[in-house]
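Taken together, the values in this text are just the output of simple stated rules run on the coordinates, not laboratory data. Predicted, not measured: the structure shown is a model, and the values here were computed from it. Positions of Cβ are generated from backbone atoms using ideal geometry, with glycine treated the same way; all protein chains shown enter the neighbour counts.
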Amino acid sequence: MSVERTLVLVKPDGVARGLTGTILARVEAKGYKLVQLKLVDATRELLERHYEEHIGKPFYEPLVEFMLSGPTAAAVFEGQRVIEGFRSLAGTTEPTLAAPGTIRGDFGRDWGLKVQQNLVHGSDSPESAAREIGIWFG
Ligand code: DAT
Ligand code: MG
């Protein structure tokens, strides 16, 4: 298995709650290498590209509005199987159901909104990672 890269986002809820450092520290503590990092005020155009696969779904508009609500911390991490490894650290999409010990399980919950404010994004395949790193880091 070769060294991979993945896009990690600390979404606006995580940044607003002051959890950016805590979340990135967990990824670093697991042993993955931080290779790029910046704070981004995402635009609708960037988010349309990032969430292309979700266009037309009922949660798409609320998701974009949420992602426009404040800055996002965008990072690239590198390591063996980092794509799977980060998604394991993040926990399942719904924070209410995410296992304790995961980022979403420890810090997230259901806020009763139309979208999962679930703190983080992680690429789901090598193809997604390459595409998403290109979108956020150019
Ligand atoms: P993940 O972020 O776990 O990869 P995803 O790619 O399926 O999940 O969806 C992207 C984001 O969209 C997710 O982090 C939160 C939101 N979302 C997904 N499914 C949802 C749903 N059924 N209701 C509300 N928001 C949802
Ligand atoms: Mg996804």
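When Lys and Arg each count +1 and Asp and Glu each count -1, what net charge do the other residues less than 13 Å away from residue 59, Cβ to Cβ, add up to?
-2
At a 10 Å Cβ-Cβ cut-off, how would you order 41, 124, fewest neighbours first? Mind showing how you got there, number by number?
Working: 41 10, 124 15.
Lowest to highest Cβ neighbour count: 41, 124.
Name the shape class, rounded, prolate or oblate, that the alpha-carbon gyration tensor gives for region 58-138, where a ≥ b ≥ c are the square roots of its eigenvalues, rounded holds for a/c under 1.5, and otherwise prolate holds if a/b is larger than b/c and oblate otherwise.
Details: a/c = 2.08, a/b = 1.19, b/c = 1.74.
Taking the square roots of the gyration eigenvalues as a ≥ b ≥ c, region 58-138 is oblate.
Convex hull volume of the Cα atoms in the chain, per residue, in Å³?
Looking at the chain, the number lands at 102 Å³ per residue.
Kindly write out, for region 79-87 in residue order, the coupling ³J(HN,Hα) from the Karplus curve 6.51 cos²θ - 1.76 cosθ + 1.60 (θ = phi - 60°), rounded to whole Hz, with x marking Gly and Pro.
Calculated HN-Hα couplings, in order: x, 4, 6, 5, 5, 5, x, 5, 5 Hz.
Can you work out ³J(HN,Hα) from phi for every residue in region 112-123, in order, using Karplus 6.51 cos²θ - 1.76 cosθ + 1.60 and θ = phi - 60°, giving whole Hz and x for Gly and Pro?
x, 9, 7, 9, 6, 8, 10, 6, 9, 10, x, 4
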